[in-house]
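Here it is, the structure in full.
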Amino acid sequence: KVWVPKQKPAETRQEQVTTLDPELEEALSSATDTELSDLAAILGVHTLVSNPLSCHGTAGKDGYSNVVKGERVKPVFNEPPNPTNAEETLRRVKSNEPTLTEVNLNNIKNIPIPTLKEFAKAMEKNTRVKKFSLAATRSNDPIAVAFADMLKVNKSLKSLNLESNFITSAGIQALLEALMDNDTLSELKIDNQRQQLGTKVEMEIAKMLEQNHSIIKFGYHFTQQGPRTRAAAAITKNNDLGKVPLVVELVVVLLLCCFFHLLLHEQPAMSSAVQRLP
């Protein structure tokens, strides 16, 4: 005889209906997520606290025991392709066109290395371009060395972007050495390279920022606390030094205005005094 297991009746759970005061129900229904999270933190119900609030110490030492509410992430859309014509832009850089003040080659991955080196060579004699962007172009150490040689000569470029490339510590050190002799570049971005730079290079970056007084914007995410602190202090100091000439100019303008104001008011008095002379 074949054994047939008995089927147990499915258990049905009845949800308990909780009734609250009308005022309390209205307050809870109109409360925002932030207000609910604050209320949960006060009551000790940590499962209602979202992940971004965990840094406030509301969770226990062993972490959360249940699933917490995640933060909604904004969708990131793909950027349209860069319409810049590299060959045409290189011709304009070589000819030093007055209207070309910014070169944007970001996300153009098919530019040959010799062409990128020609850009660096042409920028040595260019006096019009103020901003040069070369992010995500598969640039490597030879390109970084070429632009480092350019920075030793060029005295008009204000911003250089080399983020998201294949530059190693050797290329970064070449750029740092070039910035020791450059006092016009005010912004440099070298973050998000394929290879981590390491503690030694980060210390060299902090040392360069302490000796270079023109860099006021530096794009790099430090992994060590010591170089990060030194770099932040150096950038703050450079920003403060950049404000000094502005203050001096304002003082000079105010003094000139006061001088001309006194001169205009004293001139009629002097004329009347001359007329009263015998």
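The values are calculated or read from the model by the stated rules, or taken from the named source; none is laboratory data. None of these values were measured; they are calculated from a predicted model. Methodologically, a virtual Cβ is constructed for each residue, glycine included, from the backbone with ideal geometry; neighbour enumeration extends over all protein chains shown.
Can you tell me which residues in region 220-275 are modelled with pLDDT under 65 and charged (D, E, K, R)?
Lys243, Glu249, Glu266
Could you list, in sequence order, all residues of region 1-32 that are modelled with pLDDT of 75 or more, of a type outside the set (Gly, Ala, Ser) and surrounded by 10 or more Cβ atoms within 10 Å (Cβ to Cβ)?
Once the filter is applied, which keeps residues that are modelled with pLDDT of 75 or more, of a type outside the set (Gly, Ala, Ser) and surrounded by 10 or more Cβ atoms within 10 Å (Cβ to Cβ), region 1-32 yields Glu25, Glu26, Leu28.
Moving on to the next point. Look through region 189-215, keep the residues that are outside any loop (DSSP other than H, G, I, E, B) and out of contact with any helix residue (DSSP H, G or I) (no Cβ under 6 Å at 6 or more places or on another chain), and return whichever of them is nearest to Leu157 (Cα to Cα).
Lys189
Could you tell me which of the residues Leu197, Leu151 is under 19 Å from Leu105 (Cα atoms) and surrounded by 15 or more Cβ atoms within 10 Å (Cβ to Cβ)?
On the way: Leu197 fails: under 19 Å from Leu105 (Cα atoms).
Going through Leu197, Leu151 in turn, just one is under 19 Å from Leu105 (Cα atoms) and surrounded by 15 or more Cβ atoms within 10 Å (Cβ to Cβ): Leu151.
What number of residues in region 117-147 are among the basic types (Lys, Arg) and over 23 Å from Glu97 (Cα atoms)?
1
Moving to a separate point now. Taking the conditions exactly as written (surrounded by 15 or more Cβ atoms within 10 Å (Cβ to Cβ), at pLDDT 75 or above and of a type in the set (Gly, Ala, Ser)), does Ala86 satisfy them or not?
Here the answer is yes, as Ala86 does meet what is asked.
Could you check region 123-148 and list, in sequence order, the residues that are buried (at least 20 other Cβ atoms within 10 Å of the Cβ) and more than 25 Å from the chain's Cα centre (by Cα)?
Once the filter is applied, which keeps residues that are buried (at least 20 other Cβ atoms within 10 Å of the Cβ) and more than 25 Å from the chain's Cα centre (by Cα), region 123-148 yields only Asn126.
Follow-up. What pairs come up if the first residue lies in region 137-155 and is farther than 10 Å from Phe119 by Cβ and part of a helix (DSSP H, G or I), the second is modelled with pLDDT of 95 or more and acidic (Asp, Glu), and their beta carbons are under 8 Å apart, counting only those six or more places apart or on different chains?
These pairs meet every condition: Asp149/Glu124; Val153/Glu124.
Within region 178-194, count every residue that is surrounded by 14 or more Cβ atoms within 10 Å (Cβ to Cβ) and either of a type in the set (D, E, K, R) or over 20 Å from the mean Cα position of the chain (by Cα) (or both).
Going through region 178-194 one residue at a time, the tally reaches 5.
I would also like to ask the following. Please enumerate the residues belonging to region 130-153 that are touching a strand residue (DSSP E or B) at 6+ places or on another chain (Cβ under 6 Å) and farther than 15 Å from Leu188 by Cβ.
The answer is none; no residue qualifies.
Glu118: acidic (Asp, Glu), at pLDDT 75 or above, surrounded by 14 or more Cβ atoms within 10 Å (Cβ to Cβ) and not in a loop (DSSP other than H, G, I, E, B), yes or no? Reasoning before the result, please.
Working: acidic (Asp, Glu): yes; at pLDDT 75 or above: yes; surrounded by 14 or more Cβ atoms within 10 Å (Cβ to Cβ): yes; not in a loop (DSSP other than H, G, I, E, B): yes.
It is true that Glu118 is acidic (Asp, Glu), at pLDDT 75 or above, surrounded by 14 or more Cβ atoms within 10 Å (Cβ to Cβ) and not in a loop (DSSP other than H, G, I, E, B).
In region 164-176, which residues are surrounded by fewer than 19 Cβ atoms within 10 Å (Cβ to Cβ) and of a type outside the set (Gly, Ala, Ser)?
Once the filter is applied, which keeps residues that are surrounded by fewer than 19 Cβ atoms within 10 Å (Cβ to Cβ) and of a type outside the set (Gly, Ala, Ser), region 164-176 yields Phe166, Thr168.
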